[in-house]
Each structure stands twice: as C-alpha cells, then as structure tokens.
Amino acid sequence: MKTIVALFMVMFLLGQRALAEPPGTVPSRIRRTTVESSNVASVGYSRELHALEIEFVRGAVYRFLNVPAIVYRELLAAQSKGHFIFEHLRGKYEFVRIRPRQIETHALERVVARGD
C-alpha cells in the first residue's frame, strides 16, 4: 500500500512540474532589467554562468551562452537593442529558449487543456 501511495505522490509531483514548465523551456533565475526598446522588454546577465538573457516584448525569453560581460554592458548602452542583438549576438553565441512567445504559450495551454 505504501508503494502505491508513494507512486501516486511521484506522479502528482511530476504532473505539477509538467504544468509549471511547458515543454521546451528552461527555468531561469537570472534577474533582468527593463530596457527602453520597441522589441526588447528586459535583459539580464549572470556572471557565474556567463549567460545573457533577453526577454522580448512578445514574451519570448532566450539565454545566450558563454557571453562576456562586456557584451551585456554594450547591449544596455546600445541605442537600438534589436539591432545590437542582430549584429552582435545572433549567430555568434549558442542560445536556449527559456520561454516561448506568449502566443505559443497560450496555444500550448489549449493543447494541455484538451489533453492532446
């Protein structure tokens, strides 16, 4: 009986985690600072991870890996954040998606609700 209860507890906890973090996302604890930009909502940097996180206005969050701190400071100082990202980050650093765009998140929530 204890084994069955333990099994149900594990299934429950795994189910809660699955609902909390949609597939294709990575948990983030990097603090981001709001920036003035038509494309970028906030940016953050982890000195420990050498990781630069960028949140776009549509909700997507990406983490660029092995980024020197100077690149983060230059991004904060850039007049056009979107142009800086295109010229200095995209294609030059590996990245992972932390959170999908809000539209994708809502579509995923509908799929989960339907049970597909």
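Taken together, the values in this text are just the output of simple stated rules run on the coordinates, not laboratory data. Since the model is a prediction, treat every value here as computed from it, not as a measurement. As a convention, Cβ positions derive from the backbone with ideal geometry for all residues, glycine included, and neighbour counts pool all protein chains shown.
Values for this structure:
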| item | result |
| --- | --- |
| Estimated dipole of segment 23-79 in Debye, rounded to 20 [Cβ of Lys and Arg +1, of Asp and Glu -1, Cα centre] | 140 |
| Segment Glu87-Arg31, extension gain: residue separation times 0.36 nm, minus the distance between their alpha carbons | 17.8 nm |
| Cα gyration tensor category, rounded, prolate or oblate, for segment 26-99 with a/c compared to 1.5 | rounded |
| Length gained when the stretch Arg47-Ser80 is fully extended (0.36 nm per residue, less Cα-Cα span) | 9.5 nm |
| Förster radius 25 Å - calculated FRET efficiency between Asn39 and Glu94 (Cβ-Cβ, nearest 0.05) | 0.75 |
| For Val35, distant residues with modelled amide H under 5 Å away | Ser42, Val43 |
